[in-house]
Amino acid sequence: HGLRGAARPADQQRQPHRGPVSLAVLGGSISAGSTVSAGRGKGWTYHSKLAHALGATLHDGSLPATGPAYFEHCFRSQLPRHGADLVLVEFSVNIDIQGVAGFERLLRGLLALRPAPAIIVVSSHVWLMADPASGRVVQGACWNHPVTELSSRVDMASSLQARAQRWKDAAHRGDEDAVAALCRHYGVPLVSARAALLDGVRRGALRIPGFMRDCKHPNAQGHTYLAQLALGRILAADRAACAAAPLPAALLPPPLHENGLDDWGDSQCVRGAELEALVAASEGFQMTDEGRGKPGLVATRPGARLSLCVPSVPRRWRPFPTAHPRRAGRPPPPLTT
């Protein structure tokens, strides 16, 4: 109810000639609602609650257990065909093998979209777990996780666990801090569960199991907190700044990371029925989404064989901007198919 009431001023100021605001989300298992609560489904995710509060249409492009290494190539196919007014980006706890530079390449791609959507980065937080016997934080351990034996005897509502929480992002190589640095670098709004909730947890005003399902996945109440943070950021926006023309893609600042510039050209990604259409021959493969909404071809036996016929499309070369001296003037790679 609080979300719905708070959204009213923004709804009243919507331009009369426009339809509902279009909202899209890119993210991993948190956005996909993988562990919100049994039987409740995606209607309880933070972006569903935000869309309801804004009276917005919602396009969910999230995928569980998937990070920027996939989305930096395929974000266009995960967004609505006709674009979105607002894109929520949630990957702080899903930084994968490409590292934070992959997130930067994704962010640069989103900032180069035209027409330009508004972008908000939604940063969840990995809550630490202390060993009840020693009181020390157990690095890499995740409470309420079936493969973590220690978690079965940890009371995350205890004062010991509250005191164990730190601002420093110790759980995932500092990825949460690195994502925040990228948002500052590119001037992208960020809402942070850590910034909003850590002090309350340490003071005992909030108990972690009250809003988290495990160390990194919020429950329904945790999703409400994320929705409230995003809504508050939208309502606090400077309308004059929002009306200003977006920065041309060619004038984006140099990448913060050495390999944070996408020089691979435009990727083409296919999933589901589009992937099946490329199959030339298949022995022992079947299409499945593995019960997680991630359709793909999976081998069902050893020795399975799969042949794909991929259209030959030359790669488009985009020169590096001269603002990046380490790469300026480098000759383009040969065209590939």
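Only the coordinates and a few stated rules stand behind these numbers; no lab work does. This one's a predicted model, so the numbers in the text were calculated from it and none came from an experiment. Note that each Cβ is placed from the backbone with ideal geometry, even for glycine, and that neighbours are counted across all protein chains shown.
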Inset, instruction - Taking 7 Å along the Cα-to-C-beta vector as the label spot, tell me the ARG233-ASP199 distance in nanometres, rounded to one decimal. - result: 1.9 nm
Inset, instruction - In nm, give the distance between the simple-model label positions of GLN139 and SER312, each being 7 Å from the Cα along the Cα-to-Cβ direction. - result: 5.2 nm
Inset, instruction - Work out how much length GLN268 to ASP289 would gain on full extension: take 0.36 nm times their residue separation and subtract the Cα-Cα distance, in nm to one decimal. - result: 5.5 nm
Inset, instruction - In nm, give the distance between the simple-model label positions of ALA281 and ALA157, each being 7 Å from the Cα along the Cα-to-Cβ direction. - result: 6.2 nm
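If we sort 98-109, 58-69, 184-195, 295-306 on the protection proxy, mean other Cβ atoms within 10 Å, highest first, what's the order?
Working: 98-109: 22.6, 58-69: 20.8, 184-195: 17.8, 295-306: 11.8.
Final packing ranking: 98-109, 58-69, 184-195, 295-306.
I need the peptides 199-207, 25-33, 72-80 ranked by packing, meaning the mean over residues of other C-beta atoms within 10 angstrom, with the highest value on top. Walk me through the numbers before you get to the answer.
Working: 199-207: 14.6, 25-33: 25.8, 72-80: 19.1.
For the peptides 199-207, 25-33, 72-80, the packing ranking is 25-33, 72-80, 199-207.
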